[in-house]
Amino acid sequence: MAFMEKPSAGKILLDDTVAVTAVIEASQNLHSHTEYIIRVQRGVSPENSWQVIRRYSDFDMLNNSLLISGLNLPLPPKKLIGNMDREFIAERQKGLQTYLNFITTHHILSSSELVKKFLDTNNYSANYTEIALQQVSMFFRSDPKWEVVEPLKDIGWRLRKRYFLIKNKDQPKERQVLSWVDLGPDKFLSDKDLQSAMKLLPTVSNSYIFPVTFVTTSESSALVIRTFSEKGTLRDHICKVKPKEPFLKKYCNPKKIQGLELHQIRTYGRQILEILKFLHDKGFPYGHLHASNILLEDDTCRLLDLENSLLGLPSYYRPYVAQFRKINTTESIDVYAFGHLLYEMAYGRPPDSVPVDQYPPAPSPSVVTVLQSILSAEACKGGMPTVAQLLQNSLFSDVMLCNSEKLQFKITTKLKDALRTAKECMEKRLQEEQKMIHQHRRLTRAQSHHGSEEERKRRKILARKKNRQSAYENEEDLSAKYNNNSGSGASSPDVPLLPHPSPHDSSIQGFSKGKLRKAEISDRSIPT
(Lines give C-alpha, C1' and ligand atoms only; values in the text may rest on other atoms or scores of the structure.)
Protein backbone atom coordinates (compact mmCIF):
# COMPACT_ATOMS: atom_id res chain seq x y z
CA MET A 1 0.00 0.00 0.00
CA ALA A 2 1.54 3.29 -1.07
CA PHE A 3 0.70 6.09 1.30
CA MET A 4 3.15 8.86 0.39
CA GLU A 5 3.68 10.88 -2.74
CA LYS A 6 6.66 10.26 -4.96
CA PRO A 7 9.73 12.33 -4.02
CA SER A 8 11.06 14.97 -6.35
CA ALA A 9 13.69 13.88 -8.87
CA GLY A 10 17.27 14.09 -7.71
CA LYS A 11 16.40 13.90 -4.01
CA ILE A 12 19.55 13.62 -1.89
CA LEU A 13 19.47 11.03 0.88
CA LEU A 14 21.41 12.53 3.77
CA ASP A 15 23.43 10.39 6.19
CA ASP A 16 22.58 12.01 9.51
CA THR A 17 25.37 10.11 11.28
CA VAL A 18 28.19 11.80 9.33
CA ALA A 19 30.10 13.95 11.80
CA VAL A 20 30.43 17.70 11.35
CA THR A 21 33.27 19.96 12.48
CA ALA A 22 32.77 23.63 13.33
CA VAL A 23 35.37 26.43 13.53
CA ILE A 24 34.25 29.84 14.81
CA GLU A 25 35.37 33.39 14.03
CA ALA A 26 34.13 36.70 15.51
CA SER A 27 32.95 39.69 13.47
CA GLN A 28 31.75 43.02 14.92
CA ASN A 29 28.52 44.19 13.28
CA LEU A 30 27.69 47.81 12.40
CA HIS A 31 24.61 47.54 14.63
CA SER A 32 26.82 47.35 17.73
CA HIS A 33 26.64 43.62 18.33
CA THR A 34 29.03 40.74 17.67
CA GLU A 35 28.31 38.01 15.15
CA TYR A 36 30.16 34.71 15.09
CA ILE A 37 30.91 33.08 11.74
CA ILE A 38 30.86 29.30 12.10
CA ARG A 39 32.62 27.39 9.33
CA VAL A 40 31.02 23.95 9.24
CA GLN A 41 32.19 20.90 7.33
CA ARG A 42 30.34 17.60 6.95
CA GLY A 43 32.72 14.66 6.85
CA VAL A 44 36.26 15.06 5.52
CA SER A 45 35.59 16.69 2.15
CA PRO A 46 36.27 20.47 2.08
CA GLU A 47 33.75 20.73 -0.76
CA ASN A 48 30.96 19.81 1.65
CA SER A 49 31.31 22.92 3.82
CA TRP A 50 29.34 26.08 4.51
CA GLN A 51 29.08 29.06 6.87
CA VAL A 52 26.54 29.86 9.57
CA ILE A 53 26.32 33.26 11.30
CA ARG A 54 25.16 33.20 14.93
CA ARG A 55 25.02 35.64 17.82
CA TYR A 56 25.71 34.78 21.42
CA SER A 57 21.95 34.84 22.08
CA ASP A 58 21.56 32.00 19.53
CA PHE A 59 24.10 29.93 21.44
CA ASP A 60 22.24 30.70 24.65
CA MET A 61 18.91 29.52 23.16
CA LEU A 62 20.52 26.29 21.94
CA ASN A 63 22.07 25.72 25.35
CA ASN A 64 18.71 26.20 27.11
CA SER A 65 17.16 23.59 24.79
CA LEU A 66 19.99 21.13 25.49
CA LEU A 67 19.69 21.44 29.27
CA ILE A 68 17.14 18.60 29.10
CA SER A 69 20.16 16.31 28.66
CA GLY A 70 21.26 16.93 32.25
CA LEU A 71 24.83 17.56 31.08
CA ASN A 72 27.02 20.39 32.38
CA LEU A 73 27.59 22.17 29.07
CA PRO A 74 30.62 24.55 28.82
CA LEU A 75 28.84 27.63 27.42
CA PRO A 76 30.70 30.88 28.31
CA PRO A 77 28.66 33.02 30.77
CA LYS A 78 26.76 36.17 29.82
CA LYS A 79 28.24 39.63 30.33
CA LEU A 80 26.15 42.81 30.14
CA ILE A 81 28.90 45.45 30.54
CA GLY A 82 32.08 45.44 28.50
CA ASN A 83 30.88 42.76 26.09
CA MET A 84 32.12 44.77 23.08
CA ASP A 85 35.74 44.93 24.26
CA ARG A 86 38.12 43.33 21.81
CA GLU A 87 39.84 41.23 24.49
CA PHE A 88 36.50 39.99 25.83
CA ILE A 89 35.26 39.04 22.35
CA ALA A 90 38.47 37.09 21.68
CA GLU A 91 38.07 35.25 24.99
CA ARG A 92 34.38 34.52 24.34
CA GLN A 93 35.25 33.21 20.87
CA LYS A 94 37.61 30.66 22.46
CA GLY A 95 34.87 29.64 24.91
CA LEU A 96 32.30 29.20 22.16
CA GLN A 97 34.77 27.08 20.18
CA THR A 98 35.18 24.82 23.22
CA TYR A 99 31.38 24.62 23.47
CA LEU A 100 31.02 23.64 19.80
CA ASN A 101 33.76 21.02 20.14
CA PHE A 102 31.91 19.48 23.09
CA ILE A 103 28.50 19.17 21.43
CA THR A 104 29.83 18.03 18.03
CA THR A 105 31.93 15.23 19.55
CA HIS A 106 29.26 13.99 21.98
CA HIS A 107 27.70 10.88 20.43
CA ILE A 108 24.09 11.68 21.40
CA LEU A 109 24.13 15.49 21.27
CA SER A 110 25.80 15.60 17.85
CA SER A 111 22.99 13.54 16.31
CA SER A 112 20.17 15.53 17.93
CA GLU A 113 17.84 17.64 15.83
CA LEU A 114 18.61 20.75 17.91
CA VAL A 115 22.32 20.68 17.09
CA LYS A 116 21.76 19.69 13.45
CA LYS A 117 19.43 22.64 12.89
CA PHE A 118 21.80 25.06 14.63
CA LEU A 119 24.73 24.11 12.36
CA ASP A 120 22.94 23.10 9.15
CA THR A 121 19.72 25.07 8.68
CA ASN A 122 19.42 24.32 4.97
CA ASN A 123 19.23 20.54 5.35
CA TYR A 124 17.31 20.47 8.65
CA SER A 125 14.73 23.20 8.31
CA ALA A 126 11.79 20.82 7.84
CA ASN A 127 9.32 20.01 10.61
CA TYR A 128 9.58 16.23 10.60
CA THR A 129 6.78 15.71 13.10
CA GLU A 130 4.38 17.72 10.92
CA ILE A 131 5.43 15.82 7.79
CA ALA A 132 5.00 12.50 9.60
CA LEU A 133 1.53 13.47 10.82
CA GLN A 134 0.46 14.32 7.28
CA GLN A 135 1.71 11.01 5.92
CA VAL A 136 0.21 8.98 8.77
CA SER A 137 -3.14 10.75 8.29
CA MET A 138 -3.10 9.75 4.62
CA PHE A 139 -2.46 6.15 5.67
CA PHE A 140 -5.32 6.23 8.20
CA ARG A 141 -7.71 7.45 5.50
CA SER A 142 -6.99 4.31 3.49
CA ASP A 143 -7.17 2.09 6.59
CA PRO A 144 -9.63 3.76 9.02
CA LYS A 145 -9.47 1.10 11.73
CA TRP A 146 -6.41 2.85 13.24
CA GLU A 147 -6.51 5.94 15.42
CA VAL A 148 -3.71 8.12 16.88
CA VAL A 149 -3.67 8.22 20.69
CA GLU A 150 -0.68 10.56 21.10
CA PRO A 151 2.64 11.41 19.41
CA LEU A 152 5.68 9.96 21.19
CA LYS A 153 7.89 12.99 20.72
CA ASP A 154 11.67 12.55 20.49
CA ILE A 155 11.78 9.09 22.10
CA GLY A 156 14.30 7.94 19.47
CA TRP A 157 17.62 9.31 18.25
CA ARG A 158 16.87 9.41 14.52
CA LEU A 159 15.95 12.82 13.15
CA ARG A 160 13.82 11.48 10.32
CA LYS A 161 11.93 8.88 12.33
CA ARG A 162 8.74 9.73 14.25
CA TYR A 163 6.68 7.59 16.64
CA PHE A 164 2.96 7.64 17.46
CA LEU A 165 1.01 5.70 20.03
CA ILE A 166 -2.03 4.32 18.20
CA LYS A 167 -4.89 1.90 18.79
CA ASN A 168 -7.01 -0.41 16.72
CA LYS A 169 -10.68 0.57 16.97
CA ASP A 170 -11.57 -3.11 17.18
CA GLN A 171 -9.20 -3.55 20.16
CA PRO A 172 -9.26 -0.14 21.90
CA LYS A 173 -7.42 -1.27 25.05
CA GLU A 174 -4.37 -2.58 23.23
CA ARG A 175 -1.76 0.06 22.41
CA GLN A 176 0.43 -0.13 19.31
CA VAL A 177 3.37 2.04 18.29
CA LEU A 178 3.61 3.34 14.74
CA SER A 179 6.96 4.49 13.34
CA TRP A 180 7.36 6.54 10.17
CA VAL A 181 10.79 7.05 8.60
CA ASP A 182 12.44 8.34 5.43
CA LEU A 183 14.52 5.89 3.41
CA GLY A 184 18.25 6.14 4.10
CA PRO A 185 21.45 6.47 2.01
CA ASP A 186 22.11 2.69 2.13
CA LYS A 187 18.85 1.75 0.42
CA PHE A 188 20.14 -0.47 -2.40
CA LEU A 189 17.14 -2.77 -2.83
CA SER A 190 14.79 -2.06 -5.72
CA ASP A 191 11.32 -0.88 -4.71
CA LYS A 192 9.87 -4.28 -5.62
CA ASP A 193 12.49 -6.24 -3.64
CA LEU A 194 12.09 -3.86 -0.69
CA GLN A 195 8.34 -4.48 -0.57
CA SER A 196 8.90 -8.25 -0.77
CA ALA A 197 11.44 -8.15 2.08
CA MET A 198 9.26 -5.93 4.27
CA LYS A 199 6.25 -8.20 3.81
CA LEU A 200 8.33 -11.03 5.31
CA LEU A 201 8.67 -9.26 8.67
CA PRO A 202 5.14 -9.96 10.00
CA THR A 203 5.67 -13.66 9.16
CA VAL A 204 8.87 -14.06 11.21
CA SER A 205 8.38 -16.56 14.01
CA ASN A 206 11.19 -16.25 16.50
CA SER A 207 11.17 -15.81 20.26
CA TYR A 208 14.21 -13.49 20.01
CA ILE A 209 12.65 -11.14 17.42
CA PHE A 210 9.89 -8.72 18.44
CA PRO A 211 6.92 -9.26 16.07
CA VAL A 212 5.68 -6.72 13.54
CA THR A 213 1.94 -6.14 13.16
CA PHE A 214 1.91 -4.27 9.86
CA VAL A 215 4.36 -2.74 7.35
CA THR A 216 4.08 -0.70 4.18
CA THR A 217 6.54 1.23 2.05
CA SER A 218 6.56 3.88 -0.66
CA GLU A 219 9.26 5.23 -2.92
CA SER A 220 10.49 7.60 -0.21
CA SER A 221 9.55 6.24 3.22
CA ALA A 222 8.15 3.38 5.28
CA LEU A 223 5.59 2.82 8.01
CA VAL A 224 5.78 0.02 10.61
CA ILE A 225 3.34 -0.91 13.42
CA ARG A 226 4.29 -2.97 16.49
CA THR A 227 2.81 -3.67 19.90
CA PHE A 228 3.89 -1.03 22.42
CA SER A 229 5.96 -2.42 25.33
CA GLU A 230 5.29 -0.61 28.61
CA LYS A 231 8.44 -2.13 30.13
CA GLY A 232 10.66 -0.36 27.62
CA THR A 233 14.00 -1.38 26.17
CA LEU A 234 17.10 -2.94 27.70
CA ARG A 235 18.64 0.55 27.91
CA ASP A 236 15.52 1.84 29.72
CA HIS A 237 15.98 -1.00 32.20
CA ILE A 238 19.69 -0.23 32.71
CA CYS A 239 19.14 3.55 33.05
CA LYS A 240 15.96 3.20 35.17
CA VAL A 241 13.96 5.58 32.94
CA LYS A 242 10.49 5.65 31.42
CA PRO A 243 10.25 4.64 27.75
CA LYS A 244 8.09 7.63 26.70
CA GLU A 245 10.62 10.27 27.81
CA PRO A 246 12.78 12.14 25.22
CA PHE A 247 15.98 10.42 24.15
CA LEU A 248 18.23 13.27 25.34
CA LYS A 249 16.67 13.22 28.80
CA LYS A 250 16.77 9.44 29.14
CA TYR A 251 20.28 8.61 28.06
CA CYS A 252 22.65 11.62 28.03
CA ASN A 253 23.23 11.69 31.78
CA PRO A 254 21.02 9.18 33.62
CA LYS A 255 21.20 9.40 37.41
CA LYS A 256 20.33 5.84 38.44
CA ILE A 257 22.29 3.62 36.09
CA GLN A 258 22.89 0.05 37.17
CA GLY A 259 24.77 -2.74 35.42
CA LEU A 260 23.32 -6.23 35.18
CA GLU A 261 24.19 -9.28 37.23
CA LEU A 262 26.55 -11.85 35.76
CA HIS A 263 23.86 -14.45 35.00
CA GLN A 264 21.83 -11.79 33.14
CA ILE A 265 24.86 -10.70 31.13
CA ARG A 266 25.58 -14.28 30.12
CA THR A 267 21.94 -15.14 29.32
CA TYR A 268 21.16 -11.98 27.36
CA GLY A 269 24.52 -12.14 25.59
CA ARG A 270 23.91 -15.73 24.48
CA GLN A 271 20.39 -14.91 23.24
CA ILE A 272 21.57 -11.89 21.25
CA LEU A 273 24.47 -13.81 19.68
CA GLU A 274 22.08 -16.62 18.71
CA ILE A 275 19.75 -14.30 16.83
CA LEU A 276 22.67 -12.51 15.14
CA LYS A 277 24.06 -15.85 13.92
CA PHE A 278 20.58 -16.83 12.68
CA LEU A 279 20.26 -13.62 10.65
CA HIS A 280 23.78 -13.90 9.22
CA ASP A 281 23.20 -17.53 8.21
CA LYS A 282 20.03 -16.45 6.41
CA GLY A 283 21.92 -13.74 4.55
CA PHE A 284 19.83 -11.05 6.22
CA PRO A 285 21.90 -7.93 7.02
CA TYR A 286 21.25 -6.27 10.38
CA GLY A 287 23.91 -3.82 11.59
CA HIS A 288 21.62 -1.99 14.05
CA LEU A 289 22.32 -3.67 17.37
CA HIS A 290 22.28 -1.40 20.44
CA ALA A 291 20.60 -1.43 23.86
CA SER A 292 17.61 0.65 22.69
CA ASN A 293 16.82 -1.91 19.98
CA ILE A 294 16.30 -4.74 22.47
CA LEU A 295 13.10 -5.32 24.46
CA LEU A 296 12.97 -7.43 27.61
CA GLU A 297 10.09 -9.84 28.11
CA ASP A 298 10.17 -12.49 30.85
CA ASP A 299 13.97 -12.58 30.98
CA THR A 300 14.17 -12.88 27.20
CA CYS A 301 15.79 -10.42 24.80
CA ARG A 302 13.79 -9.59 21.68
CA LEU A 303 15.40 -7.73 18.78
CA LEU A 304 13.76 -4.64 17.24
CA ASP A 305 14.00 -2.81 13.90
CA LEU A 306 15.02 -5.57 11.52
CA GLU A 307 13.67 -3.31 8.77
CA ASN A 308 16.38 -0.66 9.29
CA SER A 309 18.95 -2.31 7.06
CA LEU A 310 16.35 -2.93 4.34
CA LEU A 311 15.40 0.76 4.40
CA GLY A 312 19.04 1.83 4.14
CA LEU A 313 19.19 3.60 7.51
CA PRO A 314 22.67 4.34 8.96
CA SER A 315 23.79 2.47 12.06
CA TYR A 316 23.73 4.03 15.53
CA TYR A 317 27.48 3.35 15.76
CA ARG A 318 28.30 4.56 12.22
CA PRO A 319 30.51 7.47 13.46
CA TYR A 320 32.61 4.96 15.42
CA VAL A 321 32.73 2.27 12.73
CA ALA A 322 33.85 4.72 10.04
CA GLN A 323 37.10 5.28 11.98
CA PHE A 324 38.29 1.65 11.79
CA ARG A 325 39.01 0.06 8.41
CA LYS A 326 38.88 -3.49 9.82
CA ILE A 327 35.19 -3.06 10.73
CA ASN A 328 33.99 -3.20 7.14
CA THR A 329 31.27 -5.88 6.95
CA THR A 330 27.77 -6.10 8.41
CA GLU A 331 28.87 -8.98 10.65
CA SER A 332 31.87 -7.07 12.00
CA ILE A 333 29.56 -4.09 12.65
CA ASP A 334 27.26 -6.37 14.67
CA VAL A 335 30.21 -7.77 16.63
CA TYR A 336 31.51 -4.28 17.35
CA ALA A 337 28.01 -3.18 18.47
CA PHE A 338 27.81 -6.29 20.67
CA GLY A 339 30.99 -5.09 22.41
CA HIS A 340 29.31 -1.75 23.20
CA LEU A 341 26.20 -3.58 24.41
CA LEU A 342 28.23 -5.93 26.63
CA TYR A 343 30.03 -2.91 28.13
CA GLU A 344 26.68 -1.27 28.96
CA MET A 345 25.32 -4.46 30.51
CA ALA A 346 28.45 -4.81 32.65
CA TYR A 347 28.94 -1.18 33.76
CA GLY A 348 25.51 0.43 33.28
CA ARG A 349 26.81 3.04 30.83
CA PRO A 350 28.45 3.13 27.38
CA PRO A 351 32.23 3.55 27.07
CA ASP A 352 33.46 7.15 27.13
CA SER A 353 35.52 6.58 24.00
CA VAL A 354 36.70 3.75 21.80
CA PRO A 355 39.16 1.97 21.65
CA VAL A 356 39.00 0.94 25.32
CA ASP A 357 42.17 -0.45 26.88
CA GLN A 358 41.45 0.21 30.58
CA TYR A 359 38.40 -1.40 32.23
CA PRO A 360 36.83 -0.91 35.66
CA PRO A 361 36.21 -3.99 37.81
CA ALA A 362 33.64 -6.19 36.06
CA PRO A 363 31.26 -8.88 37.37
CA SER A 364 33.71 -11.44 35.98
CA PRO A 365 37.24 -11.38 34.44
CA SER A 366 35.85 -13.29 31.47
CA VAL A 367 33.62 -10.28 30.67
CA VAL A 368 36.71 -8.07 30.41
CA THR A 369 38.42 -10.68 28.22
CA VAL A 370 35.54 -10.60 25.72
CA LEU A 371 35.44 -6.79 25.80
CA GLN A 372 39.17 -6.62 25.08
CA SER A 373 38.74 -8.93 22.09
CA ILE A 374 36.25 -6.43 20.58
CA LEU A 375 36.88 -2.90 21.89
CA SER A 376 40.65 -2.74 22.47
CA ALA A 377 42.91 -0.80 20.11
CA GLU A 378 44.45 -4.06 18.91
CA ALA A 379 41.03 -5.56 18.11
CA CYS A 380 39.69 -2.45 16.35
CA LYS A 381 42.78 -2.17 14.15
CA GLY A 382 43.70 -5.83 13.79
CA GLY A 383 40.37 -7.67 13.68
CA MET A 384 37.67 -8.96 16.02
CA PRO A 385 36.15 -12.40 16.63
CA THR A 386 33.18 -13.63 14.61
CA VAL A 387 29.73 -14.25 16.07
CA ALA A 388 30.38 -18.00 15.93
CA GLN A 389 33.65 -17.60 17.86
CA LEU A 390 31.91 -15.50 20.52
CA LEU A 391 29.29 -18.22 20.95
CA GLN A 392 32.13 -20.68 21.66
CA ASN A 393 33.54 -18.42 24.38
CA SER A 394 33.11 -19.90 27.88
CA LEU A 395 31.17 -16.80 28.98
CA PHE A 396 28.27 -17.84 26.72
CA SER A 397 28.86 -21.42 25.50
CA ASP A 398 27.49 -23.24 28.56
CA VAL A 399 24.39 -21.03 29.01
CA MET A 400 21.23 -23.12 28.74
CA LEU A 401 18.53 -21.64 26.51
CA CYS A 402 15.05 -22.35 27.85
CA ASN A 403 13.32 -21.66 24.57
CA SER A 404 13.86 -24.40 22.01
CA GLU A 405 11.48 -22.98 19.40
CA LYS A 406 12.73 -23.49 15.86
CA LEU A 407 13.50 -20.25 14.07
CA GLN A 408 11.31 -19.56 11.04
CA PHE A 409 12.30 -17.11 8.32
CA LYS A 410 11.58 -18.15 4.72
CA ILE A 411 13.44 -16.12 2.10
CA THR A 412 13.20 -16.91 -1.61
CA THR A 413 16.36 -17.51 -3.61
CA LYS A 414 15.72 -14.40 -5.70
CA LEU A 415 15.32 -12.22 -2.60
CA LYS A 416 18.45 -13.77 -1.06
CA ASP A 417 20.43 -12.68 -4.12
CA ALA A 418 18.98 -9.17 -3.91
CA LEU A 419 19.81 -8.96 -0.18
CA ARG A 420 23.38 -10.15 -0.82
CA THR A 421 23.89 -7.52 -3.52
CA ALA A 422 22.44 -4.79 -1.29
CA LYS A 423 24.68 -5.93 1.57
CA GLU A 424 27.77 -5.75 -0.66
CA CYS A 425 26.81 -2.23 -1.78
CA MET A 426 26.41 -1.14 1.88
CA GLU A 427 29.81 -2.53 2.75
CA LYS A 428 31.42 -0.92 -0.31
CA ARG A 429 30.03 2.51 0.61
CA LEU A 430 31.34 2.10 4.17
CA GLN A 431 34.78 1.03 2.93
CA GLU A 432 35.00 4.05 0.61
CA GLU A 433 34.12 6.35 3.49
CA GLN A 434 36.70 4.68 5.73
CA LYS A 435 39.35 5.09 3.02
CA MET A 436 38.59 8.82 2.71
CA ILE A 437 38.80 9.28 6.49
CA HIS A 438 42.09 7.34 6.61
CA GLN A 439 43.63 9.48 3.85
CA HIS A 440 42.38 12.66 5.52
CA ARG A 441 43.97 11.60 8.83
CA ARG A 442 47.32 10.93 7.17
CA LEU A 443 47.24 14.30 5.44
CA THR A 444 46.24 16.09 8.65
CA ARG A 445 49.02 14.39 10.62
CA ALA A 446 51.56 15.29 7.94
CA GLN A 447 50.45 18.93 7.90
CA SER A 448 50.42 19.11 11.68
CA HIS A 449 53.90 17.60 11.88
CA HIS A 450 55.17 19.90 9.13
CA GLY A 451 53.91 22.99 10.97
CA SER A 452 55.11 22.01 14.46
CA GLU A 453 57.83 24.04 16.24
CA GLU A 454 60.06 21.00 16.55
CA GLU A 455 59.79 20.28 12.83
CA ARG A 456 60.58 23.92 11.94
CA LYS A 457 63.74 23.78 14.09
CA ARG A 458 64.74 20.50 12.46
CA ARG A 459 64.29 21.97 8.98
CA LYS A 460 66.42 25.02 9.92
CA ILE A 461 69.25 22.77 11.16
CA LEU A 462 69.04 20.68 7.98
CA ALA A 463 69.10 23.84 5.85
CA ARG A 464 72.25 25.12 7.63
CA LYS A 465 73.94 21.73 7.21
CA LYS A 466 73.00 21.71 3.55
CA ASN A 467 74.43 25.23 3.03
CA ARG A 468 77.69 24.29 4.76
CA GLN A 469 77.96 21.12 2.71
CA SER A 470 77.28 23.06 -0.49
CA ALA A 471 79.98 25.65 0.37
CA TYR A 472 82.49 22.90 1.15
CA GLU A 473 81.72 21.15 -2.14
CA ASN A 474 82.24 24.45 -4.02
CA GLU A 475 85.67 24.91 -2.38
CA GLU A 476 86.62 21.37 -3.35
CA ASP A 477 85.53 22.01 -6.93
CA LEU A 478 87.72 25.18 -7.16
CA SER A 479 90.74 23.41 -5.71
CA ALA A 480 90.35 20.52 -8.10
CA LYS A 481 90.07 22.92 -11.02
CA TYR A 482 93.27 24.76 -9.98
CA ASN A 483 95.22 21.53 -9.67
CA ASN A 484 94.02 20.33 -13.04
CA ASN A 485 95.06 23.60 -14.71
CA SER A 486 98.59 23.42 -13.12
CA GLY A 487 99.18 19.92 -14.37
CA SER A 488 98.38 20.84 -17.96
CA GLY A 489 101.24 23.54 -18.21
CA ALA A 490 98.93 26.40 -19.01
CA SER A 491 100.17 29.77 -17.70
CA SER A 492 98.14 32.11 -15.57
CA PRO A 493 97.91 35.80 -16.53
CA ASP A 494 98.42 36.83 -12.90
CA VAL A 495 101.31 34.53 -11.98
CA PRO A 496 103.80 34.02 -14.89
CA LEU A 497 105.62 30.72 -14.85
CA LEU A 498 109.46 30.73 -15.35
CA PRO A 499 111.20 27.87 -17.14
CA HIS A 500 113.12 25.46 -14.92
CA PRO A 501 116.72 24.64 -15.88
CA SER A 502 117.20 21.23 -17.29
CA PRO A 503 119.77 19.00 -15.57
CA HIS A 504 121.00 18.04 -19.05
CA ASP A 505 121.88 21.67 -20.05
CA SER A 506 125.77 21.31 -20.83
CA SER A 507 126.49 25.09 -20.88
CA ILE A 508 125.70 25.40 -17.30
CA GLN A 509 126.89 22.05 -16.19
CA GLY A 510 130.50 22.65 -17.63
CA PHE A 511 130.96 26.15 -16.19
CA SER A 512 134.55 26.96 -14.75
CA LYS A 513 135.76 30.33 -13.43
CA GLY A 514 139.43 29.74 -14.46
CA LYS A 515 138.61 29.56 -18.15
CA LEU A 516 137.18 33.07 -18.25
CA ARG A 517 139.23 35.65 -20.28
CA LYS A 518 140.06 39.13 -19.03
CA ALA A 519 138.02 41.77 -20.70
CA GLU A 520 139.76 44.76 -22.35
CA ILE A 521 138.29 48.18 -21.48
CA SER A 522 138.84 51.33 -23.54
CA ASP A 523 138.42 54.46 -21.39
CA ARG A 524 137.13 57.23 -23.56
CA SER A 525 136.57 59.72 -20.74
CA ILE A 526 140.23 61.02 -21.05
CA PRO A 527 140.61 64.02 -23.44
CA THR A 528 142.76 63.40 -26.50
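What the table below lists for this structure:
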item	result
Within the stretch 146-197, tally of residues that are assigned to a loop (DSSP other than H, G, I, E, B) and exposed (fewer than 15 other Cβ atoms within 10 Å of the Cβ)	4
Single unsatisfied condition, TYR99 versus (1) more than 21 Å from TYR317 (Cα to Cα); (2) open to solvent by 50 Å² or more (accessible area, probe 1.4 Å)	(2)
Subset of the stretch 344-368 (residues that are out of contact with any Ser or Thr (no Cβ under 9 Å at 6 or more places or on another chain), of a type in the set (S, T, N, Q) and within 22 Å of GLU261 (Cα to Cα))	GLN358, SER364
Test for GLU47: is it open to solvent by 60 Å² or more (accessible area, probe 1.4 Å), free of Cβ contacts under 8 Å to residues at least 12 places away in the same chain, part of a helix (DSSP H, G or I) and among the charged types (D, E, K, R)	no
Tabulated pairs, the stretch 84-95, first within 13 Å of ARG55 (Cα to Cα), second aliphatic (A, V, I, L, M) and not in a loop (DSSP other than H, G, I, E, B), C-beta under 8 angstrom, 6+ apart or interchain	ILE89/ALA26; ARG92/ALA26; GLN93/ILE24; GLN93/ALA26
Tally of residues being part of a helix (DSSP H, G or I), polar (S, T, N, Q) and open to solvent by 50 Å² or more (accessible area, probe 1.4 Å) across the stretch 366-417	7
The stretch 113-145, subset β-branched (Val, Ile, Thr) and free of Cβ contacts under 8 Å to residues at least 40 places away in the same chain, residue least open to solvent (accessible area, probe 1.4 Å)	THR129
Criterion: touching a Leu at 6+ places or on another chain (Cβ under 9 Å), over 25 Å from ALA362 (Cα atoms) and open to solvent by 30 Å² or more (accessible area, probe 1.4 Å) - qualifying residue of LYS231, LYS242	LYS231
Residue under evaluation TYR268, criteria (1) of a type in the set (Ser, Thr, Tyr); (2) surrounded by 17 or more Cβ atoms within 10 Å (Cβ to Cβ); (3) over 16 Å from TYR347 (Cα atoms), criterion not met	(3)
Within the stretch 215-228, tally of residues that are open to solvent by less than 20 Å² (accessible area, probe 1.4 Å), touching a helix residue (DSSP H, G or I) at 6+ places or on another chain (Cβ under 8 Å) and part of a loop (DSSP other than H, G, I, E, B)	0
Any hit, the stretch 251-265, residues being part of a loop (DSSP other than H, G, I, E, B) and at positive phi	no
Residue list for the stretch 352-365, filter: touching a residue at least 12 places away in the same chain (Cβ under 8 Å), surrounded by fewer than 16 Cβ atoms within 10 Å (Cβ to Cβ) and over 18 Å from TYR320 (Cα atoms)	PRO360, SER364
Single residue of LYS167, LYS231 found to be closer than 28 Å to THR267 by Cα, of a type in the set (D, E, K, R) and more than 27 Å from the chain's Cα centre (by Cα)	LYS231
Condition broken by ARG39, with the remaining ones in (1) farther than 30 Å from GLN439 by Cα; (2) surrounded by fewer than 15 Cβ atoms within 10 Å (Cβ to Cβ); (3) at pLDDT 85 or above; (4) charged (D, E, K, R) satisfied	(1)
Some residue of the stretch 201-214 being out of contact with any Ser or Thr (no Cβ under 7 Å at 6 or more places or on another chain), small (Gly, Ala, Ser), surrounded by 15 or more Cβ atoms within 10 Å (Cβ to Cβ) and at negative phi	no
Leading residue by the ranking (most open to solvent (accessible area, probe 1.4 Å)) among those in the stretch 292-315 that are among the polar types (S, T, N, Q) and closer than 16 Å to LEU260 by Cβ	THR300
Filter pass, LEU289 being in a helix (DSSP H, G or I) and within 25 Å of LEU311 (Cα to Cα)	no
Complete set of residues in the stretch 328-359 that are of a type in the set (D, E, K, R) and within 20 Å of the chain's Cα centre (by Cα)	GLU331, ASP334, ASP352, ASP357
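Residue-wise test of (1) closer than 30 Å to ILE68 by Cα; (2) at pLDDT below 95; (3) touching a His at 6+ places or on another chain (Cβ under 8 Å).
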residue: THR203; (1), (2), (3): no, yes, no
residue: SER218; (1), (2), (3): no, yes, no
residue: LYS231; (1), (2), (3): yes, yes, yes
residue: CYS239; (1), (2), (3): yes, yes, no
residue: GLU245; (1), (2), (3): yes, yes, no
residue: GLU274; (1), (2), (3): no, yes, no
residue: PHE278; (1), (2), (3): no, yes, no
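The values are calculated or read from the model by the stated rules, or taken from the named source; none is laboratory data. Bear in mind the structure is a predicted one, so any value in this text is a computation, not a measurement. For neighbour counting, all protein chains shown are included, and Cβ atoms are generated from backbone atoms with ideal geometry for every residue, glycine included. Ligands, DNA and RNA are excluded from the accessible area calculation, which covers all protein heavy atoms including side chains. Shrake-Rupley method; radii C 1.70, N 1.55, O 1.52, S 1.80 Å.
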